[in-house]
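The values are calculated or read from the model by the stated rules, or taken from the named source; none is laboratory data. All values derive from a computational prediction rather than experimental measurement. Methodologically, a virtual Cβ is constructed for each residue, glycine included, from the backbone with ideal geometry; neighbour enumeration extends over all protein chains shown. Just the protein is used for accessible areas: all its heavy atoms, side chains included, with ligands, DNA and RNA removed. Shrake-Rupley method; radii C 1.70, N 1.55, O 1.52, S 1.80 Å.
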Amino acid sequence: MFGADGGFKRFSSDLGLSSEEAKKRLEEYGYNESPEKKSRSIVIFVKKFWGVIPWMLEATILLTLFLGKYFEAVIVLSLLVFNSVIGFIQEKKASGALEFLKQKLSVSVRVKRDGRWILVPAREIVPGDLIRLRSGDFVPADVEVMDGIVEADQSAVTGESLPVEKRVKDVLYSGSTVRRGEATGIVTSTGTNTYFGKTVELVQIAKPKLHMEEVISKVVKWLSVMAAILLLIALLFTVYRGLDMLGVVPLVTILVVSVVPVALPTMFTISMALGSLELAKKGVLVTRLSASEDAATMDVLCVDKTGTLTMNKLSIVNVLPSGKHTREEVVLYGALASQEANQDPIDLAFLSAAKDMQIPTDGYLQKEFVPFDPSTRRTEAKVEKDGRQFYALKGAIKSILPLCKEGSEKESMIEKSVESLSAKGYRVLAVAEGESKERLKLVGVVALYDKPRPDSPILISELKSLGVSVKMLTGDALPIAKEVAQELGLGDNIIKKPALENGLKDENALKIVEESDGFAEVYPEDKHLIVKCLQKRKHIVGMTGDGINDAPALKQAEVGVAVSSATDVAKESASLVLTAPGLEGIVESVRNGRKIYQRITTYILNKIVKTFQVLVFIVLAFLVTGKYVVSLFSMVLLLFLVDFVTLSISTDNVRYSPKPDKWNITSLVKISVSLGLVMIAESMLLLYLGEYLGLYNSLSELYTFVFDLLIFMGLFNVLIIRERQHFWKSKPSKPLIMSIMLDTLIVILISTFGLYDLAPIGALQTLTVLIYSLAVCFFVNDYAKVFLVKRFGL
């Protein structure tokens with residue numbers, strides 16, 4: 001049924017397809033919908049037990065069972081299940097964009113089958129079907145117009161802000177809406193082969209980079225390398241001393257337990273959840289928790305023009321009166337040739353301008369009204385005022401001007417003015433009036449424009465001050481894009497969409513994308529590719545939008561932002577949804593994200609410092625004393641008391657950075673190791689003093705003594721690390737202070753009464769460790785930290 005040009009052969013009659021032929025094509029091409037790939041819930045949940053941290057916890061469980069430490073094994077298993085459940089719940093909240101897209105196709109369509117017009121579900125139409133489209137209809141597939149003229153609103157598909165006229169042989173894109181007129185057309189593409197369907201596929205294919213996972217992997221890698229090196233040293237020492245190799249197994253278990261950053265994923269989740277609640281109070285809904293962290297590192301924001309930077313509403317921006325007419329008269333006659341009931345964007349622009357200019361329209365009676373007709377390209381009205389009747393017309397220059405007979409010289413001047421306005425991207429209309437249609441006079445020329453939002457220049461200025469580059473993406477023509485960019489202060493480097501045919505391999509295209517301030521005449525796949533190009537250049541990308549055409553790019557971007565007027569598809573694809581008009585929420589999201597980043601950095605820094613201190617101290621003490629100074633139970637308890645108490649860092653008072661944050665795990669490790677070396681020296685000194693002064697008399701008391709040392713230094717170290725300058729420069733949050741005080745109290749009680757294999761020790765011993773830890777942390781470690789932060793940067 002295909003012609004030589006690849007399209008469908010034209011029908012010799014207007015009978016449409018037969019039911020039998022339609023059935024065959026349905027089997028051949030499938031339903032007019034986009035299949036969604038779904039994973040079973042049980043599979044998703046099981047995968048939560050597969051990964052770096054789950055593997056480490058599972059290895060710990062096996063080792064504890066091997067050693068007969070069943071109580072410790074149950075505790076670690078509980079941690080594993082807890083983390084898996086949290087991860088599963090978050091993943092089940094994944095985007096439902098595909099479902100919304102398919103719902104858009106759940107409409108009925110007028111189709112000609114067996115020579116009769118019938119209604120069929122949109123999912124059952126096939127290529128070759130003859131369908132009828134009227135004003136207000138949703139276009140369910142790509143349709144080539146066979147007869148008639150319509151105006152289509154395809155802003156949600158292509159990003160064009162103005163309705164587009166479609167005549168015979170033009171294509172109506174799936175996902176657009178018929179604003180005016182009627183047409184009969186032949187279906188050329190259905191399902192994922194349409195522009196709309198390709199958008200569905202792009203949404204499905206789009207997969208943002210999860211930087212949280214990268215950070216966790218890098219942290220675990222560094223901690224594992226530390227543990228492996230220290231374990232190797234311990235093994236070599238065991239061989240050298242001729243000790244039993246099985247005797248090292250408990251040490252292996254202790255090292256594994258101390259390395260696992262069990263609370264790190266939970267810390268991310270809690271920090272971002274609290275940040276999300278804070279943003280919700282300010283009109284920003286977070287649909288993907290990791291977006292808060294990504295907002296901190298975002299350095300490029302791609303902004304969809306129509307409906308995001310602009311009002312998505314036509315306004316009169318320039319009025320050029322003709323002859324002795326005034327600006328007010330031009331707007332008045334244009335308003336008289338309009339009707340509010342039609343909800344036509346041009347009619348509404350004139351009526352709104354008349355109201356804003358306080359032009360009185362009382363006393364004018366519209367006797368007749370002819371709405372816009374694509375064939376005449378104008379609207380007409382017969383108006384009566386104080387017994388006098390006259391006509392008011394408005395429409396395209398080439399439609400109105402010939403009716404006025406202004407003379408060639410004047411027409412030439414008008415055409416020059418029109419060309420000047422059109423070059424700026426304005427839509428130019430003429431307004432005329434007269435006692436009859438044969439005696440019309442030109443009243444003037446009006447320029448219409450989709451104005452930028454009042455808050456857009458402020459948004460762009462604030463984002464730039466925060467180190468975020470803003471790039472505008474639009475489906476409109478280049479002159480319109482340049483005019484908008486100039487008004488917003490975006491920059492002068494606005495170009496047509498770059499050639500991205502070679503995908504992400506063309507370095508020249510990547511450079512053009514990176515250096516430009518915006519792009520005109522872009523389509524959905526272009527936006528998606530532009531985001532990927534910027535990601536290829538190592539940028540953390542944000543994308544704002546409101547239409548179906550924005551959904552793929554919104555989902556691909558690390559920070560997808562749907563504005564308040566966005567479609568359901570855009571909102572489901574985005575990671576941030578603005579609930580209030582305006583774009584101030586984006587700036588607030590960046591600030592909020594950077595605060596979260598500082599909190600998470602504090603946790604990671606604290607975790608690496610403490611882990612390095614514990615690992616080296618345990619192995620070094622083993623090499624010096626030939627015995628383990630901690631028990632497996634005390635290490636698991638340490639994991640609970642320190643790691644999970646430090647979750648309160650997620651509520652800490654912090655200052656946000658004036659520039660995009662970047663994860664630099666190498667610098668974190670350098671600072672952590674250097675500070676850890678200081679703390680190891682302090683720990684070994686206290687261990688020596690405890691032995692020398694007789695502060696412990698048995699192995700169980702040694703366990704308790706060292707347990708106190710590691711806990712107290714770990715807790716007070718949090719108060720040091722949370723502030724990049726000296727600790728007194730900012731005040732910790734109340735939850736953080738309260739959790740440290742509670743933890744300290746619990747440790748004192750355990751030291752006093754004992755627990756499991758931790759024997760009770762005297763108040764003097766506990767107080768000695770407490771005072772020593774306070775002294776070295778606040779008077780030694782704080783100054784060391786300030787020096788190291790300046791040395792390595794953070």
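In the set 353, 349, only one residue is within 14 Å of residue 429 (Cα to Cα) and modelled with pLDDT of 85 or more; that residue is 349. Return the total of residues in the stretch 667-690 being more than 21 Å from residue 722 (Cβ to Cβ) and under 41 Å from the mean Cα position of the chain (by Cα). Of the residues in that region, 0 qualify.
I'd like to check something: does the stretch 678-699 contain any residue that is among the small types (Gly, Ala, Ser), under 28 Å from residue 602 (Cα atoms) and open to solvent by 30 Å² or more (accessible area, probe 1.4 Å)? Looking through the stretch 678-699, at least one residue is among the small types (Gly, Ala, Ser), under 28 Å from residue 602 (Cα atoms) and open to solvent by 30 Å² or more (accessible area, probe 1.4 Å). Residues that are surrounded by fewer than 16 Cβ atoms within 10 Å (Cβ to Cβ) and modelled with pLDDT under 85 do occur in the stretch 455-463, at least one of them.
In the stretch 300-332, of all residues being of a type in the set (Lys, Arg) and closer than 26 Å to residue 484 by Cβ, the one that is farthest from the chain's Cα centre (by Cα) corresponds to 327. For the stretch 394-446, the set of residues classified as in contact with a His (Cβ under 6 Å, 6 or more places away or on another chain) and β-branched (Val, Ile, Thr) consists of 443 only.
On the stretch given as the stretch 713-738, residues that are in contact with a Lys or Arg (Cβ under 8 Å, 6 or more places away or on another chain), over 19 Å from residue 639 (Cα atoms) and in a helix (DSSP H, G or I) total 1.
Pairing each residue of the stretch 388-401 that is of a type in the set (Ser, Thr, Tyr) with any residue that is assigned to a strand (DSSP E or B) and open to solvent by 10 Å² or more (accessible area, probe 1.4 Å), provided the two are 6+ apart or on different chains, yields C-beta distances under 6 Å for 391/382; 399/378.
Consider the stretch 691-703 and keep the residues that are without any contact (Cβ under 8 Å) to a residue 60 or more places away in the chain and not in a loop (DSSP other than H, G, I, E, B). The one that is nearest to residue 753 (Cα to Cα) is 700. Give the number of residues within the stretch 649-676 that are open to solvent by 20 Å² or more (accessible area, probe 1.4 Å), in a helix (DSSP H, G or I) and touching a residue at least 12 places away in the same chain (Cβ under 8 Å). Number satisfying all stated conditions: 4. Restricting to the stretch 747-778, name every residue that is farther than 15 Å from residue 702 by Cα and either of a type in the set (D, E, K, R) or assigned to a loop (DSSP other than H, G, I, E, B) (or both). None; the set is empty. Residue 7 passes every criterion in (1) modelled with pLDDT under 65; (2) surrounded by 12 or more Cβ atoms within 10 Å (Cβ to Cβ); (3) under 30 Å from residue 560 (Cα atoms) apart from (3). The condition (being closer than 26 Å to residue 675 by Cβ and touching a Lys or Arg at 6+ places or on another chain (Cβ under 7 Å)) is satisfied by just one residue among 789, 776, 769: 789.
Report every pair of residues separated by at least 6 positions or lying on different chains whose Cβ atoms are under 7 Å apart, first residue within the stretch 715-732 and within 20 Å of residue 668 (Cβ to Cβ) and without any contact (Cβ under 8 Å) to a residue 12 or more places away in the chain, second of a type in the set (Gly, Ala, Ser) and open to solvent by 10 Å² or more (accessible area, probe 1.4 Å). The qualifying pairs are 723/730.
Filtering the stretch 137-179 to residues that are open to solvent by 20 Å² or more (accessible area, probe 1.4 Å), at pLDDT below 80 and either under 18 Å from residue 377 (Cα atoms) or of a type in the set (Gly, Ala, Ser) (or both) leaves 153, 155, 156, 161, 162, 163, 179. Hey, any hits in the stretch 736-755 for a residue that's at negative phi, within 38 Å of the chain's Cα centre (by Cα) and of a type in the set (S, T, N, Q)? Taking every residue of the stretch 736-755 in turn, at least one turns out to be at negative phi, within 38 Å of the chain's Cα centre (by Cα) and of a type in the set (S, T, N, Q).
Only one of the numbered conditions (1) open to solvent by less than 20 Å² (accessible area, probe 1.4 Å); (2) assigned to a loop (DSSP other than H, G, I, E, B); (3) in contact with a Leu (Cβ under 8 Å, 6 or more places away or on another chain) is violated by residue 706, and that is (2). None of 620, 639, 583 is open to solvent by 10 Å² or more (accessible area, probe 1.4 Å) and modelled with pLDDT under 80 except 639.
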